[in-house]
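> The following block contains the structure, expressed as structure tokens.
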Amino acid sequence: MIIDVHRDANCGCCKDWISYLEDNGFAVRDHVERNMRSVKQDLGVEPRLASCHTGVINGKFVEGHVPVAQILELRKRSDLLGIAVPGMPAGSPGMEHGDAKHAYEVIGLTRSGQDEVLAKYP
């Protein structure tokens, strides 16, 4: 599976998320961007869903530190424009720092503009 990842050149956790994807069988096309705000806007990422990097798979956005399980689910869902883990929660893929783990949700954005919680992580 191929995923395009758009990121800022100075983002270390973005590189960690890319490594996580590659370790889980994804082929990553890494795009270093000057203006991530513009990238997000062009892809339809709502500001409330924003994180540091934005992936694109099959024309849908994957915003932030989304686990592989939800990326695979996204590929099967025609009703979603994309999915997101807003912010940068500790313990999410690419944000592992010791034993720190913050609760977070994976949110899907439907074609009608509604949020749908796809998964919750402790």
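Bear in mind these aren't lab numbers, they're just calculated from the coordinates by the rules spelled out. If you're wondering where the values come from, they're calculated on a predicted model, not measured in any experiment. As a convention, Cβ positions derive from the backbone with ideal geometry for all residues, glycine included, and neighbour counts pool all protein chains shown.
> For the chain, what's the relative contact order in percent, using C-alpha pairs closer than 8 Å and at least 6 residues apart? Kindly include the intermediate steps, with their values, before the conclusion.
Working: 247 pairs, mean separation 26.2, N = 122.
Relative contact order for the chain comes out at 21 percent.
> What order do you get for 49-59, 19-29 when each peptide is scored by the mean count of other beta carbon atoms within 10 Å, highest first?
The densest-packed peptide leads the list: 49-59, 19-29.
> Related question: Sort by residue number and name the cysteines in the chain that have no neighbouring cysteine Cβ under 4.7 Å.
That list is 13, 52.
> For the range 2-121, I need the span (max minus min coordinate) of the C-alpha atoms along each principal axis, in Å, sorted largest to smallest.
38, 31, 27
> Here's something else I'd like to know. Any lysines with Cα under 17 Å of the residue 15 Cα? List them, leaving off those in the same chain fewer than 8 positions away.
Answer for residue 15, where 17 Å is the Cα cut-off: none of the lysines qualify.
> Tell me the label-point distance for the pair residue 90, residue 120, using the 7 Å Cα-to-Cβ offset, in nm and rounded to one decimal.
2.1
> For residue 10 and residue 111, FRET efficiency with R0 = 30 Å and r from the beta-carbon atoms, rounded to 0.05?
In this case the efficiency is close to 0.30.
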